1. Along the charge dipole of the chain, pointing to its positive end and built from +1/-1 on Cβ of Lys, Arg, Asp and Glu, which listed residue (87, 39, 10) has its Cα farthest out?
2. Please compute the volume of the convex hull spanned by the alpha-carbon atoms of the chain and report it per residue in Å³.
3. Can you work out the base-10 log of I(q)/I(0) for the range 6-55 at q = 0.27, 0.28, 0.29 1/Å, using the Debye formula on its C-alpha atoms alone?
4. Let's see if you can work this out: charge +1 on each Lys and Arg Cβ, -1 on each Asp and Glu Cβ, no other charges. What is the dipole magnitude of the range 15-55 about its Cα centre, in debye to the nearest 20?
5. Assuming a strict under-28 Å limit between Cα atoms, what lysine pair count do you get for the chain once near-sequence pairs (fewer than 8 apart, same chain) are dropped?
6. If we count trypsin sites (Lys or Arg not before Pro) as exposed when they sit in a DSSP loop and have at most 13 other beta carbons within 10 Å, what is the longest stretch of the chain that avoids them all?
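Just so you know, all these numbers are worked out from the coordinates, no wet-lab data involved. Note that the structure is a prediction, hence the values are computed from the model and not measured. In this analysis, Cβ positions are derived from the backbone assuming ideal geometry, glycine residues included, and neighbour counts consider all displayed protein chains.
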Amino acid sequence: KRIQSITDAISKHRKAIKELKQQKRVAQQELNALGDPMSRLPLELSSLIFKKCVPLDLDDLKPDPLTAPMLLMRICRSWTQIALATPSLWTCIHVN
């Protein structure tokens, strides 16, 4: 009975830790958003800014992780969401 009681307490604490970790993730995301001016802009404006970052003279067909739009997705989760929510970033491939 004592071992079962301890096991139950451990399970209860693990569940509480899991919930606290989730709350911490949410709080960290909210804190990050406060420091990110892009996250405060309407999606239409941030999308327009992202579109201006895409080079017009791409050298090859492969997406380059060091140039927009791929680079924009490497900054943070918020920027990834903006980039993925902007279909016009992904509709054109320039071939030389």
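1. Projecting each Cα onto the dipole axis, the largest value belongs to 10.
2. Numbers: hull volume 12.7 nm³, N = 96.
Expressed per residue, the convex hull around the Cα atoms of the chain is 133 Å³.
3. -0.93, -0.95, -0.97
4. Values: 8 positive and 4 negative charges, 48 e Å.
Value, rounded to 20: 220 debye.
5. Working: 1/12; 1/15; 1/18; 12/21; 12/24; 15/24; 51/62; 52/62.
Taking the chain as the scope, the lysine pair count is 8.
6. On the way: sites that count: 1, 74.
My reading of the result: 2-73 is the longest stretch.
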